[in-house]
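Undergrad: Have a look at this one.
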Amino acid sequence: MSGATETHGGNTAGDSERNTPIPSRAATPVIASGSRPSRARRFLAKAEKKIDKFKLKFGLKEKGTESHGTSEASTTAASTGESATVPTGKTWAVVAGALKMTLSGAVLLIPDPFKGPAEALLKIIDVFEQTKSNNEEMEDLKARCDLLNESMANAIKGKDERLLSAELKESVGRLVKGIHDTFQATLVEYSTGISAYVMVEDNTEVVKEANQKMDQILQCFWIENLIAGSLVLSDVLQTVRNHTLFLNDIRKTVKDQEGWMLKLCAATDNHFKSAFLDKLKHVPGAAYDSQELARVNPCFQGTRVKLLAGIGRWMSNTALEEQGTSKPIYVLDGIAGIGKSTVAKTVAQHAAAINSLGATFFFSRDHADRQQAADFVHTIAHQLACCDASYGKAIATAIDGHPESLHKIMAQQFSVLVAKPLSDMLKQRATPLVFVFDALDECAQPDASDILSLIIGSISKLPNVKVFLTTRPDLVLRIRYQSTALANCFHLQEIDAVIVDSDIRLYLNYYLSLSNIQKVFEGTEWGSWAPTKHQQEQLVSVSDKLFIFASTAVKLILSYQGRGPEKTLTSILSLEPKQGMVKLYQKVLEIAMPTDILRPSKDWDLWLADFKTAIGTTIILQHPVSVKALERLLQLESPDLGPMLRNMHSVLAPFDDGPNPTYKIHHKSFPDFITNAAICPEEFWIEESKYHLQLAKCCLKTMDQQLCFNICQVSVADQYKALADLPELNKERLTEELKYAVCNWAAHVAKSKLK
């Protein structure tokens, strides 16, 4: 076989359609104003037209059909059940030509370090076009080349290059470099210079190894960008499926990749039921998609792009084991209000969308069952059993064989219920399985340290498993996770201020846009108001990299309570940037104060006492209860907590908008503020122990009043039956406040500092 010439885009076949100019390694040109398309966009548009021409020329596409439509030959073959085969040389011409056109456009987009490999790859493709071999491994390599081209084109075509994130461009660059390095391994130097390389097409093992490496690189590219949100799963799957329509001679390879992709989006069999699984004392509210976490929003579209891309790359590199990204644990730590839980929920959602989510546990000091380790392993095992029927059967078998393990220490529970029954199955996974644990610092000590030890010593060592963990940088925890070689640590507060400001700006531009304000204040005098660009920039500055500040500010501005959006915004903008959440929460309290009561006065004292009771008890509840149940539990002389809690909606989240809502604290930074005498205004300061004692007394009083013998009115004939055999119980007397009192009175006594 003759060596390729040094002509960049040409080849010995002399087909003018395949001549591809190689752009220089100059940086991407600055985009001029106006609608004139950029060089990269013109390249991509030209590439799409040429691909269609190739397919028409070689009978791979009928005129008037979509670019991935079947040819007449393949349609006929499909109807007769025969396998249509496209001539090998012509298929290579189409694949190589299309790939070179896409690469030519990509060279203009990708960062400088990747331009050299991209240009070299263009020359290597010329060598591939000379290939005469027809063996199976070479046919498979053709399929992967075409799949590579479609993957890159799917990521960038039809998009304004100004809107493509730097992370996506870098990801495409890494993909190109990875393919270049893989192709380089299939060539041998014939004399000197890259143009003198020839392909080792007769060495089946070399080409086979290249195919396996190509699979890994493509799969990592897909997972990385699916987690980052840069690609849509349905688009990637369609790209793979389309190849079966016009590359019939390499259908096997495409089918293999399609099978891998189908595993990402298939509806897994998760309907396995077993009485043994019912023995697991799992915590439903700890799951990322539970009702308790409904108010925790994922990242606003277009924000946290760089961070999510890094997480996606970490998750995708299980097979490639790149330096630094192969570590099984990713710790995201940061101060309160910076957005850790939002990122955790986004990662969980994106992983679940591609069948790569194993289990989640979102810790919370507001819920007794989510601030301790007692049911942590049970919850993980239960979620794994529900996500895949084969896992469920294995875990049920383990419980059946070792029922005593349910009550052992955490490490033994995990070994028997999860590690031993699932290890062999996890080795067979096509993608890594991700565990997401949020706010570990909200778990009480020493439980939090025990869980971290389990993560480092056991969970992270499961095959094909990765653990994403968020926490405040608590000293005890930080020393432990920073000292292990198994963890990547990212400090969220150290992210570039320019990037965070850009994300906050994007968030504010949406929620404070004229269209959204008109929707919120429809029919009011504020319906036509909107902040100026300068005011929005000021709000970005005052937010000082804290998403919770921007979120709380937006809730205040768009509130019907207070002095209206314009005056509220002006008041917020008067704050100094470094005053942060303290001054904003002081502003929240100021807006909540009644305007028709003089201070000081007896009426003011009464209002303040009721206000502190409403807020104090709400923030220390072991789990949220409805407003009416809380009023009955507290047995107030004038039960009317609803209006006071509604006025605090910027920091309290109602579960529903009905007449009896259940309120939950938006963010833990508010309880931190209002229970800290050093930063909270003295008159509003909540002394936690005082309200714990009050709730403990109320719980005992409620139990004394409502508990009675045979409260569920079980008949005499049924009183000695097992609970499972009893007829339906009368639960009318089991009120919400009574159930809360029975379960939580002791916790409040313990935290009341009662001597």
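The values are calculated or read from the model by the stated rules, or taken from the named source; none is laboratory data. None of the values given here were measured: they were computed from a predicted structure. Cβ coordinates were reconstructed from backbone atoms using ideal geometry, including for glycine residues, and neighbour counts include every protein chain displayed. When the accessible area is computed, the model is the full protein with side chains, heavy atoms only, and any ligands, DNA or RNA have been set aside. Shrake-Rupley method; radii C 1.70, N 1.55, O 1.52, S 1.80 Å.
Undergrad: Can you give the accessible area of His180 in Å² (nearest 10), computed on protein heavy atoms with a 1.4 Å probe?
TA: About 30 Å², ignoring ligands and nucleic acids.
Undergrad: Over segment 345-427, what portion of Cα pair distances is larger than 17 Å, expressed as a whole percent?
TA: Considering segment 345-427, 51 percent of its Cα-Cα pairs are separated by more than 17 Å.
Undergrad: A further question follows. Please list, in chain and number order, the residues 5+ apart from Ile665 or on another chain whose amide H is under 5 Å from its amide H, with Hs placed from the backbone.
TA: Ala653
Undergrad: Now for a different question. How do Tyr560, Tyr507, Tyr691 rank by accessible surface area computed with a 1.4 Å probe, from largest to smallest?
TA: Tyr560, Tyr507, Tyr691
Undergrad: Still on this structure, I have one more. Obtain the nm distance between the two label points defined at Val498 and Asp605 by a simple spin-label model: each point lies 7 Å from its Cα along the Cα-to-C-beta direction.
TA: Each label point lies 7 Å from its Cα, and together they span 5.8 nm.
Undergrad: As a test question: what accessible area, to the nearest 10 Å², does Arg632 have when a 1.4 Å probe is rolled over all protein chains in place?
TA: 120 Å²
Undergrad: Please list Leu280, Leu486 in order of solvent-accessible area, largest first, computed with a 1.4 Å probe with all protein chains present.
TA: Reading off the accessible areas and sorting them downward yields Leu486, Leu280.
Undergrad: Can you tell me the FRET efficiency between Glu736 and Ala677 if r is taken as the Cβ-Cβ distance and R0 is 35 Å, rounded to the nearest 0.05? List each step's numbers first, then the result.
TA: Working: r = 33 Å, r/R0 = 0.93.
The pair Glu736/Ala677 has a calculated efficiency of 0.60.
Undergrad: Could you compute the FRET efficiency for Ala389 and Arg295, with r as their C-beta to C-beta distance and R0 at 22 Å, rounded to 0.05?
TA: Efficiency, rounded to the nearest 0.05: 0.10.
Undergrad: Could you list the residues of segment 737-754 with an amide nitrogen less than 20 Å from a label point located 7 Å from the Cα of Trp685 in the Cα-to-C-beta direction?
TA: 752-754
Undergrad: Which one, Leu462, Pro531, Ile504, projects farthest toward the positive side of the charge dipole computed for segment 447-573 from Cβ point charges (K/R +1, D/E -1)?
TA: Value: Leu462.
Undergrad: List, in order, the whole-Hz ³J(HN,Hα) value for each residue of segment 718-727 obtained from phi through the Karplus relation with A = 6.51, B = -1.76, C = 1.60 and θ = phi - 60°; use x for Gly and Pro.
TA: 9, 5, 9, 7, 5, 4, 5, 9, 6, x
Undergrad: Separate question: When ranked by the protection proxy of mean other Cβ atoms within 10 Å per residue, highest first, what sequence do the peptides 662-672, 416-426, 305-315 form?
TA: Packing order, densest peptide first, comes out as 305-315, 662-672, 416-426.
Undergrad: Using a 1.4 Å probe on the protein heavy atoms only, what accessible surface does Asp289 show? Give it in Å² to the nearest 10.
TA: Surface open to solvent at Asp289 totals about 100 Å².
Undergrad: Measure up Lys602/Lys755; Lys602/Lys628; Lys340/Lys751; Lys306/Lys427; Lys281/Lys731 against 24 Å on the Cα-Cα distance and list the ones that go over.
TA: Table pairs above 24 Å Cα-Cα are Lys602/Lys755; Lys602/Lys628; Lys340/Lys751; Lys306/Lys427.
Undergrad: Arrange the residues Leu754, Leu357 by how much accessible surface each exposes, largest first, with a 1.4 angstrom probe. Mind showing how you got there, number by number?
TA: Numbers: Leu754 120, Leu357 25 Å².
Solvent-accessible surface, decreasing: Leu754, Leu357.
Undergrad: Provide the FRET efficiency to the nearest 0.05 for the Ala166-Lys533 pair, computing r from the beta carbons and using R0 = 30 Å.
TA: E(calc), rounded to 0.05, equals 0.80.
Undergrad: Based on the inverse mean of 1/r over its pairs of different Cα atoms, what is the Kirkwood hydrodynamic radius of segment 502-649, in Å?
TA: Working: mean 1/r = 0.0587 Å⁻¹.
After inverting the mean inverse Cα-Cα distance, the result is 17.0 Å.
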